[in-house]
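First the structure, in the form of structure tokens, and then the observations on it.
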Amino acid sequence: MVARSIASLTISFGMVSIPVKLYAATEASRAISFNLLHKTCGSRLKQQYLCVKEEVAVPREDMVKGYEFAKDQYVMFTPEELKALEETGTHSAEITEFVPLKTVDPVYFDKAYYLGPDKGGAKPYALLARALRETGRCALGRWAARGKQYIVLIRPVEDLVEGLVMQQLLYADEVRAMRDIDIPKTEVKPAELKLAQQLIEQQASAKFDPSQYTDDVRARIEAAVQKKVEGKEITLTEQPETGAQVIDLMEALRASLEKKPARKVQAEKPAARKSAKK
């Protein structure tokens, strides 16, 4: 099935402009959702907004948005005022800098889009993809859409063809600092470290293969839904109780090594010298 673009965009750096098409990289529609129903008759429920002061349902035409600046104190904004504050979409993403891809923590990654060359953009598109791959860098810039301004990261990917992915990034104040987590300093003994490294090597693979992972919960829900549609009853299985167990770390590592047979991992062929550099 041929992918359908959702928007057109221009990527620019220096005096170079690249017309591209934007494609959704993920499918939110794949998620299973349920509707709220009335238990007695099975009809769908309609959501209502209640005024906490007057305890009456408020119609949508009587609603305004407000910002709580203090406890139970709000300033109201009209739709026109909010519209004026939005960022104007420019249909372009201007690259501001290039940084090593490995220096960007994936914790900042948000929504991803595939980029494909638009009319007249095949040559500069291929040039940027190759240049980023050869240098091990990614491009950072800004993109305005849907009334908001985003930080975007453009990185090269290789899936039969050399392409580009545009990744929305979270802002710094949207990501919590790891130092805020209480992680006590703990001594790691050399023998423990050696066994842990052996276990890692035993279960190591040459690369990530997403097709090896499936959503078991989704499959169970789909099977249960189908049984319900066919008028069958589903059986509920009790979940085993889990509790904290005090274990000997060295014994657990040794047992893990003995339980797991060594995997034969085929190393990637260095077919492309560029991939090896990356």
Pairs where the first residue, in the range 64-90, is within 26 Å of Arg142 (Cα to Cα) and the second is in a strand (DSSP E or B) and open to solvent by 100 Å² or more (accessible area, probe 1.4 Å), C-beta under 6 Å, 6+ apart: Glu87/Lys148
Thr96 vs. criteria polar (S, T, N, Q), in a strand (DSSP E or B) and over 20 Å from the mean Cα position of the chain (by Cα): yes
Complete set of residues in the range 223-278 that are at pLDDT 70 or above and either open to solvent by less than 80 Å² (accessible area, probe 1.4 Å) or within 30 Å of Val157 (Cβ to Cβ) (or both): Ala223, Ala224, Val225, Gly231, Ile234, Met250, Ala252, Leu253, Ala255, Ser256, Leu257
In the range 121-159, the residues that are open to solvent by 80 Å² or more (accessible area, probe 1.4 Å) and assigned to a strand (DSSP E or B): Arg137, Arg142, Lys148, Glu158, Asp159
Subset of the range 26-42 [surrounded by 10 or more Cβ atoms within 10 Å (Cβ to Cβ) and at pLDDT 90 or above]: Leu37
Any hit, the range 160-169, residues being acidic (Asp, Glu), closer than 18 Å to Pro19 by Cα and either modelled with pLDDT under 90 or part of a strand (DSSP E or B) (or both): yes
For Lys21: the one exception among (1) under 22 Å from the mean Cα position of the chain (by Cα); (2) open to solvent by less than 90 Å² (accessible area, probe 1.4 Å); (3) over 27 Å from Ala145 (Cβ atoms): (3)
Counted residues, the range 33-75 - those being of a type in the set (Val, Ile, Thr), touching a strand residue (DSSP E or B) at 6+ places or on another chain (Cβ under 9 Å) and in a loop (DSSP other than H, G, I, E, B): 3
Qualifying position, being at pLDDT 85 or above, in contact with a Leu (Cβ under 8 Å, 6 or more places away or on another chain) and open to solvent by 70 Å² or more (accessible area, probe 1.4 Å), among Gln212, Gln202, Gln198: Gln198
Any pair with Cβ under 7 angstrom, 6 or more apart, that starts in the range 95-120 at a residue that is aromatic (Phe, Trp, Tyr) and ends at one that is in a loop (DSSP other than H, G, I, E, B) and open to solvent by less than 90 Å² (accessible area, probe 1.4 Å): Tyr108/Leu170; Tyr108/Val175; Tyr113/Ala25; Tyr114/Ala25
Residue selected from the range 99-120 under the condition of a type outside the set (A, V, I, L, M, F, W, C) and in a loop (DSSP other than H, G, I, E, B), by the criterion most open to solvent (accessible area, probe 1.4 Å): Lys119
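The values are calculated or read from the model by the stated rules, or taken from the named source; none is laboratory data. Please read all numbers here as calculations on a predicted model, not as lab measurements. Cβ atoms come from the backbone with ideal geometry, glycine included; neighbour counts cover every protein chain shown. For accessibility, only protein heavy atoms count, side chains too; no ligands or nucleic acids. Shrake-Rupley method; radii C 1.70, N 1.55, O 1.52, S 1.80 Å.
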